[in-house]
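**Student:** Pasting in a structure now, in structure tokens, and then I'll have a few things to ask.
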Amino acid sequence: MISSHAVVESSEIGANTRIQEFAVIRAGAKIGANVVIHPHVVIGDGVEIGDGVEIFPGAVIGKEPKGAGALSRTPVFERLVRIGNNSSIGPHAVIYYDVRIGENSLIGDGASIREQCTIGNKTVIGRQVTINYNVRIGNSVKIMDNSWMAGNMDIRDGAFISGGVFTSNDNEIGKHGYSDAHVLGPIIEEGAMIGVGAKLLPNIVIGKNAVVGAGSVVTKSVEAETVVMGVPAKFVRKIS
Amino acid sequence: MISSHAVVESSEIGANTRIQEFAVIRAGAKIGANVVIHPHVVIGDGVEIGDGVEIFPGAVIGKEPKGAGALSRTPVFERLVRIGNNSSIGPHAVIYYDVRIGENSLIGDGASIREQCTIGNKTVIGRQVTINYNVRIGNSVKIMDNSWMAGNMDIRDGAFISGGVFTSNDNEIGKHGYSDAHVLGPIIEEGAMIGVGAKLLPNIVIGKNAVVGAGSVVTKSVEAETVVMGVPAKFVRKIS
Amino acid sequence: MISSHAVVESSEIGANTRIQEFAVIRAGAKIGANVVIHPHVVIGDGVEIGDGVEIFPGAVIGKEPKGAGALSRTPVFERLVRIGNNSSIGPHAVIYYDVRIGENSLIGDGASIREQCTIGNKTVIGRQVTINYNVRIGNSVKIMDNSWMAGNMDIRDGAFISGGVFTSNDNEIGKHGYSDAHVLGPIIEEGAMIGVGAKLLPNIVIGKNAVVGAGSVVTKSVEAETVVMGVPAKFVRKIS
């Protein structure tokens, strides 16, 4: 079930696993049973893939963060990726090192998951979504396509974030570089819903089951069970 | 004209067609004449490519929708893709199964076209655009880069959608899952123009030749030949 | 250091350069010393890569612009790409022909850089960003993830553009096609900061060190050292 056109340096490949053409599996990667690895996938050393996972063409699992002299922040990471049973990684998605993904989760086409991130079970990360460094995402969360989660966020169980939502972790818009001392991404609590195209500014909390209307710019914290909307977002009503 | 480094399982390859290195063409795919297939392209079974088509590196044609246990909606699809003569598919674009694309159309870099979509002739889908499931797009439509079209939309001939436009098909922002009973993407009629970064909410119609200003949030239907703008979008003037 | 699974037609490969599996390097490309080219990269003829550059999996360097009969604008380009020393190109990024990138710059995952663009030194272009044709970007500029820069823009030294920022180069929203006669992207002067999710309309100048608030829609020029915000953006204060 391993294509003769693939390069498989690892010897830890589970039963019934299929590795297709032109995939590259580095030595030290561990692949479970009943996994499907499509063509042109790259899996680095230190990556552990659970049973029943499917990885679509061109996905890259285990990318080193890279500064290139242009970033003020030096990336810190552990050389490890874990992907839980029955999760799925879309075509051209990029999973950096130091990422843990739970079971039955889905990472969309072209999504980027940065270093120091944790993603729970039954969670969906949409197409082209970027999850920046050091973000904790719970179970049964949905983050829809083209949304962008800043570094240092918490996104709790059952939160729903629609498409094109952008968050920020720096009141000075990043001009003076990113240091952990002054940045804090928004916190999105259990069951909160963020409407399409909303923007969330730093150092705020979106409370449990709160609702942020489409296109809103949220500049301060939103209480639990509360609806806000507008630019800037204002109180609309409590959810009874 | 077929690289010895490609894997070509199909025997239905037209005259003067070039298949480059590390491409994978599955058995049952049909490729026309004068086609160029760049390196690292994957073409599934059931895909039919017309004459003169160019498919750029890393594009994936014929992807199965995937639920992974995390989505409430079970994907439905026919195992078929048709791409008309002289169309072009950008690098890393992903065309799901059950998609028909007309002639002389262009799909941009990294775009995702989901199952049950139809795209007409001379239509441009920009970079990183996602077209969700069951969307009908007419002829000579332009959808610019990074825009996101919800499921169940109609986008009619000559409509122009600028970059970063997001649409929604669910008033409850998707929290309760997607069932066909309560969702309906916006309808964009002939010649309508949607400005950069606008958001369109569900169950609305943007009338013929209407214009939506940049950054607007459109919460109700817009009549034909009418300009609206703002958050929420309000009437500005009729187009004489 | 050249994988036997790569296709290397060029003979101009510098010392200590590593070319990994399933990469394709066309004849006429020139690669410097101490370069790392990851799997599945495609490098066209006419591409010149400096010393110490790293190119991540699936990146495409040297793509021809393509009209496919669907675009009113015929692409013009020189068949050349230059990437300066110690720069880095992310996975699945696409660099078109006729692009110059300086030293120590970083191009993010899946970014597209169109023809006739120039990018300076120590500049960061984020994930999934599109830089359209004929854009000049200075040194130490940051354009964060998922932003979209229209054609014909100038972005000067030290400018900071946050995530999800969209710009426009056509007051008629592109409906009547793009001709160089009537389009002009915004100009962003030295040190200006554009907040997350802002939209900038055509034919405007954002002055030196000006600040545009998150989610703003900027419809007219902003003076130097000035803060604006809102939809449409209005004067807030001078920066002392």
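**Student:** Tell me which residues, restricted to the range B:3-25, are surrounded by fewer than 18 Cβ atoms within 10 Å (Cβ to Cβ) and closer than 18 Å to A:Ser4 by Cβ. Walk me through how you get there before you give the answer.
**Tutor:** Step one: list which residues in the range B:3-25 are surrounded by fewer than 18 Cβ atoms within 10 Å (Cβ to Cβ), which gives B:3-4, B:9-12, B:14-16, B:18.
Answer for the range B:3-25, where residues must be surrounded by fewer than 18 Cβ atoms within 10 Å (Cβ to Cβ) and closer than 18 Å to A:Ser4 by Cβ: B:Ser3, B:Ser4, B:Glu9.
**Student:** Considering only the range C:26-60, how many residues are at positive phi and crowded, with 19+ Cβ neighbours inside 10 Å? Give the derivation first.
**Tutor:** Pass one, the range C:26-60, residues at positive phi: C:28, C:34, C:40, C:46, C:52, C:58.
The next check asks that each one be crowded, with 19+ Cβ neighbours inside 10 Å; those that pass are C:40, C:52, C:58.
Counting residues in the range C:26-60 that are at positive phi and crowded, with 19+ Cβ neighbours inside 10 Å gives 3.
**Student:** Same structure again: Does at least one position in the range B:54-64 carry a residue that is over 27 Å from A:Lys142 (Cα atoms), under 18 Å from the mean Cα position of the chain (by Cα) and basic (Lys, Arg)?
**Tutor:** no
**Student:** Could I ask something else about it? Check the range C:17-24 and report whether any residue there is at the interface with another protein chain (Cβ under 10 Å from one of its Cβ atoms) and of a type in the set (D, E, K, R).
**Tutor:** Going residue by residue through the range C:17-24, those that are at the interface with another protein chain (Cβ under 10 Å from one of its Cβ atoms) are C:20-24.
From what is left, the residues that are of a type in the set (D, E, K, R) are C:21.
Within the range C:17-24, one or more residues are at the interface with another protein chain (Cβ under 10 Å from one of its Cβ atoms) and of a type in the set (D, E, K, R).
**Student:** In the range B:217-228, which residues are touching a strand residue (DSSP E or B) at 6+ places or on another chain (Cβ under 7 Å) and at pLDDT 95 or above? Walk me through how you get there before you give the answer.
**Tutor:** To start, the set of residues in the range B:217-228 that are touching a strand residue (DSSP E or B) at 6+ places or on another chain (Cβ under 7 Å) comprises B:217-218, B:221-222, B:225-228.
Across the range B:217-228, the qualifying residues are B:Val218, B:Ser221, B:Val222, B:Glu225, B:Thr226, B:Val227, B:Val228.
**Student:** Further question on the same structure: If you check every pair at least six apart or on different chains, which have Cβ atoms under 8 Å apart with a residue in the range A:211-227 that is within 20 Å of B:Thr167 (Cα to Cα) first and a residue that is of a type in the set (S, T, N, Q) and outside any loop (DSSP other than H, G, I, E, B) second?
**Tutor:** A:Val211/A:Thr226
**Student:** Taking into account only those residues within the range B:220-240 that are crowded, with 17+ Cβ neighbours inside 10 Å and not aliphatic (A, V, I, L, M), which is nearest to B:Asp145 (Cα to Cα)?
**Tutor:** By that ranking, first place goes to B:Gly230.
**Student:** If you don't mind, another one. If you take the residues in the range C:193-210 that are surrounded by 24 or more Cβ atoms within 10 Å (Cβ to Cβ), outside any loop (DSSP other than H, G, I, E, B) and of a type outside the set (D, E, K, R), which one is farthest from the other protein chains (Cβ to nearest Cβ)?
**Tutor:** Among them, the one singled out is C:Ile206.
**Student:** Can you work out which of the residues in the range A:165-192 that are in contact with a Gly (Cβ under 8 Å, 6 or more places away or on another chain) and not in a loop (DSSP other than H, G, I, E, B) is modelled with the lowest pLDDT?
**Tutor:** Looking at the filtered set, the residue picked out is A:Thr167.
**Student:** Would you confirm whether any residue within the range A:60-79 is touching a Phe, Trp or Tyr at 6+ places or on another chain (Cβ under 8 Å), of a type outside the set (Lys, Arg), at pLDDT 95 or above and not in a loop (DSSP other than H, G, I, E, B)?
**Tutor:** Yes, the range A:60-79 contains a residue that is touching a Phe, Trp or Tyr at 6+ places or on another chain (Cβ under 8 Å), of a type outside the set (Lys, Arg), at pLDDT 95 or above and not in a loop (DSSP other than H, G, I, E, B).
**Student:** Looking at C:Ile13, is it within 14 Å of chain A (Cβ to nearest Cβ) and out of contact with any Gly (no Cβ under 8 Å at 6 or more places or on another chain)? Give the steps one after another, and end with the answer.
**Tutor:** On the way: within 14 Å of chain A (Cβ to nearest Cβ): no; out of contact with any Gly (no Cβ under 8 Å at 6 or more places or on another chain): yes.
Answer is no for this residue.
Conditions (1) under 27 Å from the mean Cα position of the chain (by Cα); (2) in a loop (DSSP other than H, G, I, E, B); (3) over 21 Å from B:Leu80 (Cα atoms); (4) in the same structural domain as B:Glu64 (by TED's automatic domain parsing), marked per residue:
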residue	(1), (2), (3), (4)
B:Ser10	yes, yes, no, yes
B:Asn16	no, yes, yes, yes
B:Phe22	yes, yes, yes, yes
B:Gly28	yes, yes, no, yes
B:Ala33	yes, yes, no, yes
B:His40	yes, yes, no, yes
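**Student:** Picking from A:Asn104, A:Asn146, A:Asn152, which residue would you name as being at pLDDT below 95, more than 9 Å from the chain's Cα centre (by Cα) and either charged (D, E, K, R) or within 24 Å of B:Gly151 (Cβ to Cβ) (or both)? Please lay out each step first, then the result.
**Tutor:** Values: A:Asn104 fails: at pLDDT below 95; A:Asn152 fails: either charged (D, E, K, R) or within 24 Å of B:Gly151 (Cβ to Cβ) (or both).
Of the residues listed, the single one that is at pLDDT below 95, more than 9 Å from the chain's Cα centre (by Cα) and either charged (D, E, K, R) or within 24 Å of B:Gly151 (Cβ to Cβ) (or both) is A:Asn146.
**Student:** Which one is nearest to C:Val41 (Cα to Cα) among residues in the range C:86-136 that are facing chain A (nearest Cβ under 8 Å) and not in a loop (DSSP other than H, G, I, E, B)?
**Tutor:** In this case the residue turns out to be C:Ser88.
The values are calculated or read from the model by the stated rules, or taken from the named source; none is laboratory data. The structure displayed is predicted, hence computed values, not measured ones. Quick reminder, even Gly has a Cβ in these numbers, built from the backbone with ideal geometry, and neighbours come from all protein chains shown.
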